[in-house]
1. Are any residues in the range 111-120 more than 14 Å from Glu175 (Cβ to Cβ) and in contact (Cβ under 8 Å) with a residue 40 or more places away in the chain, and if so, which ones?
2. I need a count of the residues in the range 85-121 that are touching an Asp or Glu at 6+ places or on another chain (Cβ under 7 Å), small (Gly, Ala, Ser) and in a strand (DSSP E or B).
3. Go over the candidates Ile97, Ile83, Ile61 one by one and state the one that is at pLDDT below 95 and either buried (at least 21 other Cβ atoms within 10 Å of the Cβ) or closer than 16 Å to Val128 by Cα (or both).
4. Mind counting the residues in the range 1-29 that are over 23 Å from Asp95 (Cβ atoms) and not basic (Lys, Arg)?
5. Here is a list: Asn148, Asn196, Asn203. Which entry is crowded, with 19+ Cβ neighbours inside 10 Å and without any contact (Cβ under 8 Å) to a residue 24 or more places away in the chain?
Amino acid sequence: MVVPDSIGLIYAVSLNSDNEMALSCRKNFDKSGTLVFADHGEIMGTISTNVNPQQSEWCEITSNKDQILVTLNEGGFGSNNSILQLVSNLDSIPDNIQLGDGGNHIFYPANGYDYVFVTVTGSHKVVVVDLLKKKIMQTFTTNTSGYNGPRESVLLGKNLFVTTYNSSILEINSETGTLIATLNSKGKPEGLTVINGKLWVANAFGSGSYTPDSTVAIFESPSQ
């Protein structure tokens, strides 16, 4: 499959349980982009995005097994126009949910969860979006500031772990938004995941600086 040059570069790819593919594409970071839907290497259609499309995730609704494509449109820097776009199918009109400034990451827990966690870096918060009601249900502030906002998140049990450029990882109760603990990865943490019950965190930069880093911090029992 070849994506036409007129659509731009591919910035994210997501595959659903039916092996249908969605590609987030854009030509310029300050303009709207295009979602390309493909099946077995054939382009089935396209949908316009909002400004600066980034990550896309296929999510499955528990009650009816419907698939929804969730796309994070970062928006312009400092423009307060980041939007989460929900697409049910090629023939539907997307639902747009206003996020704030600088949406950065979607975490979808799957396994019966009908919501996603979205880190909004510039607005220094994590929002919980209900995919059935198609609206924000909760907002967790990270008490960060400036360029040190939240980056990514992952769920371990009932606790949400959020990396920040404040050289810290926040452990938050996902039901109440209460801060439980602050972990130190000894760097500016970015990506994170859970492997065999352990929290793995990648440091993008050195602690308190923007010197490139390549270290990984592993927390054996972060919720204990």
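The values are calculated or read from the model by the stated rules, or taken from the named source; none is laboratory data. Not measured: the values here are computed from a predicted model. Cβ atoms come from the backbone with ideal geometry, glycine included; neighbour counts cover every protein chain shown.
1. Gly112, Asp114, Val116, Val118, Thr119, listed by residue number.
2. Final tally of qualifying residues: 1.
3. The conditions single out Ile61.
4. 12
5. Result of the check over Asn148, Asn196, Asn203: Asn203.
Table: residues versus (1) aromatic (Phe, Trp, Tyr); (2) outside any loop (DSSP other than H, G, I, E, B); (3) without any contact (Cβ under 8 Å) to a residue 12 or more places away in the chain; (4) not assigned by TED's automatic domain parsing to the domain that holds Thr119.
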position	(1), (2), (3), (4)
Thr34	no, yes, no, no
Thr49	no, yes, no, no
Gln55	no, yes, no, no
Lys65	no, no, yes, no
Gly75	no, no, no, no
Ile83	no, yes, no, no
